[in-house]
1. Does residue B:94 count as more than 10 Å from chain A (Cβ to nearest Cβ), part of a strand (DSSP E or B) and within 12 Å of residue B:138 (Cα to Cα)?
2. Can you tell me which condition residue B:86 does not meet? The list is (1) in contact with a strand residue (DSSP E or B) (Cβ under 7 Å, 6 or more places away or on another chain); (2) more than 8 Å from chain A (Cβ to nearest Cβ); (3) surrounded by fewer than 23 Cβ atoms within 10 Å (Cβ to Cβ); (4) not in a loop (DSSP other than H, G, I, E, B), and all the others hold.
3. Restricting attention to the stretch A:78-95, does a residue exist that is surrounded by fewer than 22 Cβ atoms within 10 Å (Cβ to Cβ) and within 14 Å of residue A:164 (Cα to Cα)?
4. If you go through the stretch A:364-373, how many residues are in a helix (DSSP H, G or I) and within 9 Å of chain B (Cβ to nearest Cβ)?
5. Looking for something within 12 Å of chain B (Cβ to nearest Cβ) and over 19 Å from residue A:283 (Cβ atoms) - is there at least one such residue anywhere in the stretch A:70-91?
6. If you go through the stretch A:380-395 one residue at a time, do you hit one that is under 24 Å from the mean Cα position of the chain (by Cα), touching a residue at least 40 places away in the same chain (Cβ under 8 Å) and within 11 Å of chain B (Cβ to nearest Cβ)?
7. If you take the residues of the stretch A:353-363 that are at the interface with chain B (Cβ under 9 Å from one of its Cβ atoms) and touching a helix residue (DSSP H, G or I) at 6+ places or on another chain (Cβ under 9 Å), which of them is nearest to residue A:45 (Cα to Cα)?
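The values are calculated or read from the model by the stated rules, or taken from the named source; none is laboratory data. Values in this document were obtained by computation on a predicted structure and should not be read as measured data. Heads up, the Cβs are rebuilt from the backbone with ideal geometry, glycines too, and the neighbour counts pull from every protein chain shown.
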C-alpha cells in the first residue's frame, strides 16, 4: 500500500466504530488442531467470521496418485485420524466398484463391526473434547478412558491404535482374533453405565444446558444448502443417514434407529452423538450374533496376495505375490463415486482409473471440510464465548479438512 | 488435447425414465451415461449452470461434492462420442435427499481458458469446494464471492493436482521473514 492509499483509508475510519477483527487460532486449544477463525467483533458479539484452513494441507490427494491401490488405504487412513476406518472403507468400496469384485460376506460384516466400533470411539472423543472445550474437564478424562477400551480392541485386531490400514480393497487385512466376542462383550458391558454417568454429568446438568441450548442454531434448509451432513443435518430434525437412505455393507440387515434433534443447536448435536453411541452398540451386538463364517478377503489372487504357505509350493502364487507387491493390481478404466456415513457426515471417494495400477485421480469428499462452512452461519450474532461451543459441536478433524 | 473420445457401449447408455435421443440419451439437453450404475451427465461448458439449476428444480438440491480432474495423458475416459473432450473436467456430485438418488455432472473444461460459471448462487455449499478446485487445478469460477486460495498458501505458485506439476520438484515455500 502506498502512502497516498494509506491516507485515503485512514480517512474513512470512524472513531466511534468499536468493531475489531481478531484471529482465533490456529494454536487455540479449542480449535481441534490448526483451525483459524477470523472474527469481526462488536464488543463480545460476533458479527462476521471466516474459517481459515490449510495449515495441515499435505497434498494427500496428490500422494494418492503415486501409490498403488493396495497402498492407497495407508494414505487415506491419515485423513480423518479419529475415524480412520471409514476413509479406508470408502476408498476400498470405490476400488472394488471399479474392479467389479464381490467381497465375501464375512469381510462385509467385519467392516461393519469395526466401523461401528470406530464410530463409538470417534463420538467418545467428541464427548471428551466437547466437554473440555466448555469447561467440563472431568469429561475429557472419562471420554478418553472409554475410547481407550475400543482402541485396545483395535490394536488387538489390526496391530495399531490409529491409522489401521485394516480395510483394504478386496476385504480386510486379517481375520478377527480368537476371543474377539468376549472382548467386545466386555466393552458393551461397561459402556451403558458409563453413558448413564455422562447423562448425569452433562446432559441433565443445568450449567451444561445453559451453555449449549439455543446456541449455534441452524435450520434444515440452511444445512442442506451448505452441504452439511451427519449430526449437523440430523440435529435439525432431518433424518438423513446414508446407512438407512442408501444402505451399503449390510446395514439393511441390522436393526438400528436414526437419532435426530429438534432445534439444530449445540445441545442437539451433543445429544445426537451421545445417543448414536447407543445405536452403534446395538449394531455391534447384532454383528456378534449375525457375523457369518468364511473367508475375510476375496479369493481373487489378482487382488489378494496368496497365503504365505502357498508361495513355497506354487509358482503361480509366487508370481501373483510378486506382481501385487511390485507393480500392484490393475484396475479397469472408469470413474466412480462411493459414499459412506462417517461419524461426521457423508464421506465420499471419487476415483478415476486409467487402467493402470495407480489411480489417475483420487478425491475424498471430506465431511469436516464441507461442514465447516456452517460455522460462520452458526456463529453469526452469537457471543465470543459461544463460538467455542459452536466450533466444538461441528467436531471438525483438521486432518480431513486440509487433507 | 490428446484424448480421443471413447465410444460408449450400448448397455452403458440406457437410463430408465429419460427422453430417448439419437444414439445418446439426454436429460435437460445433456448427454447421459451410466458409469458403474451411477448416472452421469455431460453438459457443454456454457450449459453447465443452467443444467445445475434445472437439476436443482428436479430435486437434486444438495451439492454434495465438487472437484476437478486432469486427464492429461489419459485417453481411456468414458464419455459419449458427441461430447468433445478437453484436458480438465469439473465433476459435481448432486444429491436428492427426498428421493435418495444421486447424479454426477462432468463438465469439460479447456486448458486454454479454464473458467466456468460458479454454482454458489444455487448451492452456497459449493463455495469452499470451488475454491479448492481453483487451488488445485487453476479453474476459475466466474462470479464466485471469494475466489481466494483455501488450502494453499496465498503466495503459492502453480496448481499441485495438475498432472504436469510433479511431486518434489518444487521446494517447500515458506513466507519471507523480514530481517533475515
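1. Against the criterion (more than 10 Å from chain A (Cβ to nearest Cβ), part of a strand (DSSP E or B) and within 12 Å of residue B:138 (Cα to Cα)), residue B:94 does not qualify.
2. It fails just one condition, (4).
3. Within the stretch A:78-95, one or more residues are surrounded by fewer than 22 Cβ atoms within 10 Å (Cβ to Cβ) and within 14 Å of residue A:164 (Cα to Cα).
4. Counting residues in the stretch A:364-373 that are in a helix (DSSP H, G or I) and within 9 Å of chain B (Cβ to nearest Cβ) gives 2.
5. No, the stretch A:70-91 contains no residue that is within 12 Å of chain B (Cβ to nearest Cβ) and over 19 Å from residue A:283 (Cβ atoms).
6. no
7. My answer is A:363.
To keep it simple, each residue is scored yes or no on (1) closer than 25 Å to residue B:107 by Cα; (2) at pLDDT below 85; (3) within 10 Å of chain A (Cβ to nearest Cβ); (4) surrounded by 12 or more Cβ atoms within 10 Å (Cβ to Cβ).
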| residue | (1), (2), (3), (4) |
| --- | --- |
| B:141 | yes, no, no, yes |
| B:154 | no, no, yes, no |
| B:172 | no, yes, no, no |
| B:178 | no, yes, no, no |
